Structure formats: structure tokens, C-alpha cells
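Here, each number is a calculation from the coordinates, and none is a lab measurement. Nothing here was measured: the structure is a model prediction, and the numbers come from that model. Here the Cβ is made from the backbone with ideal geometry for all residues, glycine too, and neighbour counts use every protein chain on show.
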Amino acid sequence: MRAETLMFDQVHLGVPDPEAGARWYVESLGAKPGDHPDRVMFGKTRIIFLKNEAPNPSLGSAIDHFALSFADLGAAMKDIAKSGMKVTSPVSEEPGLGKVAFVEDPWGARIQLVEDRETVGFHHVHLQLPDPVLATTWYLERFGGAPGRYKGRLHGIDYGGVWLFIERGAGVPSPGHTIDHIGWRMPDLLAKVAELKAKGLRFATEPKPGPPGPQAPAWMSFTDDPWGVKIELLQRRGE
């Protein structure tokens, strides 16, 4: 049975200097500064930076990459080239999907850039897990979402405009990699945690009050999927 759809909230990146990481995303990828110097915004989705002196690259991790979308990818790539960013795959045309490219940030996070005029900003997260069909069912039963095909071609789960794609791969657990974990938010974390525990989900960190700040979580918790993707579940103040 599919659960209620939660809102995709954030991606956490491990970098040696969180504030420097946030500045780099503003200057190089057009992010908007967040409510704290260690985070940025792409639309309603946060990228939050955690201190990790030596993160492992995301390639090969259970969270392989995330994607950002631009109305004109060609123009965006010209600006990106000026920043000196590492381009691992230049712009190409994917049949039925449009223009795509891959870049890498200075700390090893793999980022796909796509041209999607309808969803500019944070676009999707791409997992590499051993059994995509089983994993898709697992996420639908716990975090809801709308299963479908992006542009009629790519199977995924839509969380209010942010897609989750799951591809077959032997990804290793995400903690310690540049893309450390991902997070969903909900209006009542305590009730949701009780529901998920009834479904057998265990929590590495039980719900606890979040840090001070008007946009900080009122409650936050951490769990994992069965394949090593670290997940934060939170409730923001005022929701």
C-alpha cells in the first residue's frame, strides 16, 4: 500500500569547509544563498553542507548523483566553463529526454545537468541499487510519491516536481561520500516515525529537536533504506 507523498527537502554534501562549499555552488551553479552560510537553495530544495575532511566521491555510491535543470543548457555550460568546473561528460542529446551533461564539484559530487524548461532548478536524485523494482516499491510504501515515466521514457517516482530514479547497480552505502544523504519533510514527524516503525523501519537517530532558527527543523531523525542510502526525515517549523 502506497503511503502519503512526502516533500523532498534536501541533499547533504560532505566537504572540508561547508561555508566555502555553499559559496562555490552560488558562484558556479547559480544557487541562491540559504538561511545559513552552510546551505543553498535550488527552488524549494536545499543543499546542505556537512564537514568532512576527506569525502569519498559519489560515483559508485548508492546515491550516485543528483541533477540540476536549466532552461538553456548550452548557455549554462558556457558560464560553467568559466568557473573551471570539471566536465566529465559534455552536452549530448538523449533521445526523448533532451540535452544532458555531467560535471563534478571540487569534492567529488557527481552532478547531472539537464535542459528541462518546465522544471528549472533541482531536478532529481539518482540511486544505484541492486534491485530497482524492489527499491521502488520500498520507497512508495514508505514515502509515497507518484510513480511514472519522466517524459514518457524513464521510470521514476515524482515527489512534487523532484524525481527519484533508481538504476541497477552495486552501490555502497552513502555515508562518508560527498553525497552523504537525502531528506524528506512532513507536517508531523512523530506520527510518521510511528507509522514507519510499524512497517519495520529502524531509526539510527530517533526524532529529536532541531537546531535554532526560523527555517530549521522542529524535529529531525535519521534512518537508512535496506541498501545503504542514508535518509533524513524532518518536520520544519510552521508546518
| Which log10 I(q)/I(0) values, to two decimals, does region 12-83 give at q = 0.21, 0.24, 0.28 Å⁻¹ under the Debye formula with one point per Cα? | -1.03, -1.20, -1.28
| query | Rounded to two decimals, what is Rg over Rh for the chain when you use alpha-carbon atoms and the Kirkwood radius? | reply | 0.94
| query | Over region 7-236, what is the percentage of antiparallel beta bridges among all DSSP beta bridges, to the nearest 5? | reply | 70 percent
| Computed label-point distance, nm, for sites ASP17 and THR137 using a 7 Å Cα→Cβ extension | 4.9 nm
| task | Rank these for me by crowding, TRP138, TRP163, going from fewest to most other beta carbons within 10 Å. | result | TRP138, TRP163
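Can you put TYR139, TYR150 in order, fewest other beta carbons within 10 Å first?
TYR150, TYR139
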| request: Apply the Karplus parameterisation 6.51 cos²θ - 1.76 cosθ + 1.60, with θ equal to phi minus 60°, to every residue of region 154-170 and state each ³J(HN,Hα) to the nearest whole Hz, in sequence, with x for glycine and proline. | output: 9, 5, x, 10, 9, 10, x, x, 10, 8, 10, 10, 10, 10, 5, x, 9
